[in-house]
Each structure stands twice: as structure tokens, then as C-alpha cells.
1. I need every pair where a residue in region 238-250 that is closer than 11 Å to L32 by Cβ and touching a residue at least 60 places away in the same chain (Cβ under 8 Å) has its Cβ under 9 Å from the Cβ of a residue that is of a type in the set (V, I, T) and buried (at least 21 other Cβ atoms within 10 Å of the Cβ), sequence separation at least 6 or different chains.
2. Could you check region 105-146 and list, in sequence order, the residues that are farther than 21 Å from I94 by Cβ and either touching a His at 6+ places or on another chain (Cβ under 7 Å) or of a type in the set (S, T, Y) (or both)?
3. Do we find a residue being assigned to a helix (DSSP H, G or I) and touching an Asp or Glu at 6+ places or on another chain (Cβ under 7 Å) anywhere in region 99-119?
4. Of these, A59, A76, which one is over 23 Å from T181 (Cα atoms), among the aliphatic types (A, V, I, L, M), modelled with pLDDT under 95 and in contact with a strand residue (DSSP E or B) (Cβ under 8 Å, 6 or more places away or on another chain)?
5. From the list D145, D213, pick out the single residue that is over 21 Å from G28 (Cα atoms), over 21 Å from the mean Cα position of the chain (by Cα) and acidic (D, E).
6. Which numbered condition in (1) touching a His at 6+ places or on another chain (Cβ under 8 Å); (2) modelled with pLDDT of 95 or more is the only one that E150 fails?
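The values are calculated or read from the model by the stated rules, or taken from the named source; none is laboratory data. Because the structure is predicted, anything quoted here is derived from the model rather than measured. So basically every Cβ, Gly included, is an ideal-geometry build from the backbone, and we count neighbours across all protein chains shown.
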Amino acid sequence: MWIKSKNAVLTHFRRRSGRYHRSSNWVGDRELLDKIFALAAVRGGETVLDLATGTGIVAGRFRGQVKEVIGLDISADMTRQASACVDRMIISPIESIPLESESVDVCVCRQGLQFVSLPEAVEEIARVLRPGGRAVFCHLAAYGDEDKTEAFKIQALRNPARVNFFKPGDLEAVAQSSGLTVAETARHLSVESVDRWIDHGALNSQERKAVKDAYLASSQDFQRIHKIEEKNGDIFDTMLFVIIRAEKPK
């Protein structure tokens, strides 16, 4: 089962790698990057592990601010653009991090946990963190029970490789399941063009149409919660990102 999911992720991001930087507004959003950086509460002599580093955008926010930034990603295609953003790159799944136990001060993961086997991945994150170390998770989420069914359907249509879907409280539960203590949470809203969001290189025209059709058929409650607007044939969705900091007990 997981081998099939892993292959789907590799295929998906091989197709997306060339367009990733321009695939969503949130990808390079400085305000979102600053929130992640602030929650990490880094100090100069620390080691940061950026999980699912992709093209290195999150890693680049930490580079030069800490002792070492390590990027980890399953997709070599995605990481070809990341060399200037990391001190060291590891090609590996999060479920099997090839680092010694208690060797990292901060683990950061933006939009990576949606593609993993959660129990194994979070156990590995907890293992490599030093006592007192922090994990910062940032992920797209439904707003709550009222919109989750439609939000998760749209997210799955847009990214068929995705296996995990979140709403507020889920990331906290994931962290706590591995013995980490949730210390702080934050939210971030990003207004996204759906045309841009689905034109990422991994969907054909029929699949892109299915996403837009799901928006057009969505309930009034979903449209109200997501502040859906239609302009010049495009659809704009105010998407929610949840960010948490969890700490490993000393």
C-alpha cells in the first residue's frame, strides 16, 4: 500500500517540479515563511532539518540564521533547485530519516505530512529531535467539520497522491501521538487562484476541469466559509493553513 503511495508521490512531483514555484500564492508567501520561522524559535548554533524540502523555499528562510540547514525530500526532481538553500541534502522518505537519534534541534515540515504514513513519519521526527527540540508543522487544512467533506474532496482531486487530510486540531493530535508537547499554534489565510492552483503540471485538462466543477457545485456553506469569488472565469478560494510548534520533552 505505502509503496504504491510512494510511487504516486514521486510521479506527481516529477511532473510538478518545473512549475512548483508558481503553482500557488502560498508557495513563496513571505508572511507565511516568517510565521514558520518565528514559531521555530531558532538560535544561531542549531541544526534545522527541513522535511519535504522540495525546491528549498522554507529551508532558504533558515539558511544563514542557524549552524546548519539539512534538506530532506523523497523526490530528487524537486530538490534540483534547492542546492543554494541547504547546507546538506538527503534523498529519503520521512518515514526513514538517515540521521542519528537526537541529532537535530528543529524539524520543519510545510505541506509534507499529507504524503506520508503518519505514525512512522512522526515517530522518526521525534526520534531525531534532541530533548527540548522543536517540530514546526504547517499544512493546508479544512476550516472544520462544516467544510471538511468538500474541502478534502477538492484537495484530493487537485493532488491525487495525497493520503492525509487535516482540519484544526489534527496536527496537534499527530504531534502528541509521538510524545511531543504542543506549545503554540497559528493560522494563516491565503487567497488562491484556482486556475493557478490546478495548473501545476501534474493534471490533465479533464482532471483540472473536475476540480473547477467541484468548486462550482459546492454548497453555500462551503462558499461562505472559503469566501469563494468568481472573477473573469477564475475562482478564488481563501485557504486556511494551520501551523503548530511541538516540543520534545527534556
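1. Qualifying pairs under 9 Å: I243/I36; I243/V136.
2. Across region 105-146, the qualifying residue is only Y143.
3. First pass over region 99-119, keeping only residues assigned to a helix (DSSP H, G or I): 113-115, 118-119.
Filter again for touching an Asp or Glu at 6+ places or on another chain (Cβ under 7 Å), leaving none.
So far as region 99-119 goes, no, none of its residues is assigned to a helix (DSSP H, G or I) and touching an Asp or Glu at 6+ places or on another chain (Cβ under 7 Å).
4. Exactly one residue qualifies, and that residue is A76.
5. Of the residues listed, the single one that is over 21 Å from G28 (Cα atoms), over 21 Å from the mean Cα position of the chain (by Cα) and acidic (D, E) is D213.
6. Here E150 meets the rest and fails (1).
Residue by residue, here is whether (1) in contact with a Leu (Cβ under 9 Å, 6 or more places away or on another chain); (2) at pLDDT 95 or above; (3) under 19 Å from L33 (Cα atoms) holds:
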{"residue": "P98", "(1), (2), (3)": "yes, yes, no"}
{"residue": "S117", "(1), (2), (3)": "no, no, no"}
{"residue": "A135", "(1), (2), (3)": "yes, yes, yes"}
{"residue": "I154", "(1), (2), (3)": "no, yes, no"}
{"residue": "P160", "(1), (2), (3)": "yes, no, no"}
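To keep it simple, each residue is scored yes or no on (1) among the small types (G, A, S); (2) surrounded by 22 or more Cβ atoms within 10 Å (Cβ to Cβ); (3) assigned to a loop (DSSP other than H, G, I, E, B).
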{"residue": "V27", "(1), (2), (3)": "no, no, no"}
{"residue": "I36", "(1), (2), (3)": "no, yes, no"}
{"residue": "G45", "(1), (2), (3)": "yes, no, yes"}
{"residue": "G60", "(1), (2), (3)": "yes, no, no"}
{"residue": "D77", "(1), (2), (3)": "no, no, no"}
{"residue": "I90", "(1), (2), (3)": "no, no, no"}
